[in-house]
Amino acid sequence: MSNVFNPVWLVRRGENLHWITHRVRFEPRPILAHIQLTALSMQNGERFQPFKRQFAKTYIETKETTIGPWGPMANEETDNFVWMEAADELTFVLKTEGIEGCSAFGLLHDRGSQKTLSSVKKTVSLAVFDDEGTVVGRHIEEQLEGGEKLHLEDIQEQVLRRATAWTDRNVDVAEVDLTGLPQNAEFRINTRTRRPVPPNDPGRSQ
């Protein structure tokens, strides 16, 4: 018997956003977790348009995932299910290219039925953006009750290291407060204020 104690939605809209990662930290316990695509939208161009790479992948990273020079190196084709006897964190990943929109749903189960379900203690949301303010990646960090404390500078450094490996653009990372925006809405980063703005905002001071 297991208890679901952390459902995670990863929703991506617009061709500029290439990945979303969501790491959850919690009190050590036996867990199982899985993630799967729930929606996918693709739009093909003209018949003789040059070849365009298109894909959507979902997978999970843990502390047992092999670490390379730029961060975790999970198997993007098969690592969508995890069963561990003792874990205190994991990361759900949605990675795409050339997709108009898609979403994925991840579930984290507590396999010890006597455990108390965890509540969210703190959440940090980060955006990876280029020189024009275009958001190319997002990261959410969630600390559940009993989980390891979040250190913003360390998280930003990790996210930027991954972003450098995943894009050929010059990018930066900033913490974002999305309270005033519709849920899962597209946004840009104003490069002067480093705050989220609507997609049609140029992202620069005049």
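The values are calculated or read from the model by the stated rules, or taken from the named source; none is laboratory data. On a predicted model such as this, the values are computed, not experimentally measured, just so you know. Here the Cβ positions follow ideal geometry from the backbone for every residue, glycine too, while neighbour counts run over all protein chains shown. Just the protein is used for accessible areas: all its heavy atoms, side chains included, with ligands, DNA and RNA removed. Shrake-Rupley method; radii C 1.70, N 1.55, O 1.52, S 1.80 Å.
Data table
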item	result
Count of segment 161-173 residues which are closer than 17 Å to T134 by Cβ and under 14 Å from the mean Cα position of the chain (by Cα)	3
Extreme residue, modelled with the lowest pLDDT, among residues of segment 120-159 that are among the acidic types (D, E) and farther than 17 Å from T191 by Cα	E145
Test: residue in segment 34-57 that is of a type in the set (V, I, T), outside any loop (DSSP other than H, G, I, E, B), modelled with pLDDT of 85 or more and within 30 Å of E132 (Cβ to Cβ)	no
Positions within segment 140-155 being surrounded by fewer than 19 Cβ atoms within 10 Å (Cβ to Cβ) and at negative phi, in sequence order	I140, E145, E148, K149, L150, H151, L152, E153, D154, I155
Meets criteria (at pLDDT 90 or above and assigned to a loop (DSSP other than H, G, I, E, B)) for D88	no
Subset of segment 168-183 (residues that are β-branched (V, I, T) and surrounded by 10 or more Cβ atoms within 10 Å (Cβ to Cβ))	V171, V173, V176
Check on L40, out of contact with any helix residue (DSSP H, G or I) (no Cβ under 9 Å at 6 or more places or on another chain) and closer than 29 Å to D168 by Cα	yes
Single residue of R162, R192 found to be out of contact with any Asp or Glu (no Cβ under 8 Å at 6 or more places or on another chain), loosely packed, with under 13 Cβ neighbours inside 10 Å, at pLDDT 90 or above and among the basic types (K, R)	R192
Residue within segment 127-137 that is in contact (Cβ under 8 Å) with a residue 24 or more places away in the chain, open to solvent by 10 Å² or more (accessible area, probe 1.4 Å) and within 21 Å of V24 (Cα to Cα) present	no
When residues of segment 11-26 are limited to those that are in a strand (DSSP E or B), open to solvent by less than 90 Å² (accessible area, probe 1.4 Å) and at pLDDT below 90, the one farthest from G112 (Cα to Cα)	R12
Options L117, L108: the member that is at pLDDT 90 or above, in contact with a Phe, Trp or Tyr (Cβ under 7 Å, 6 or more places away or on another chain), hydrophobic (A, V, I, L, M, F, W, C) and farther than 30 Å from P199 by Cβ	L108
Any hit, segment 1-9, residues being open to solvent by 30 Å² or more (accessible area, probe 1.4 Å), more than 24 Å from D168 (Cβ to Cβ), at pLDDT below 90 and assigned to a loop (DSSP other than H, G, I, E, B)	yes
Residue among K95, K122 that is touching a residue at least 60 places away in the same chain (Cβ under 8 Å), among the basic types (K, R), surrounded by 12 or more Cβ atoms within 10 Å (Cβ to Cβ) and not in a loop (DSSP other than H, G, I, E, B)	K95
Residue within segment 65-77 that is under 23 Å from T134 (Cβ atoms) and open to solvent by 20 Å² or more (accessible area, probe 1.4 Å) present	yes
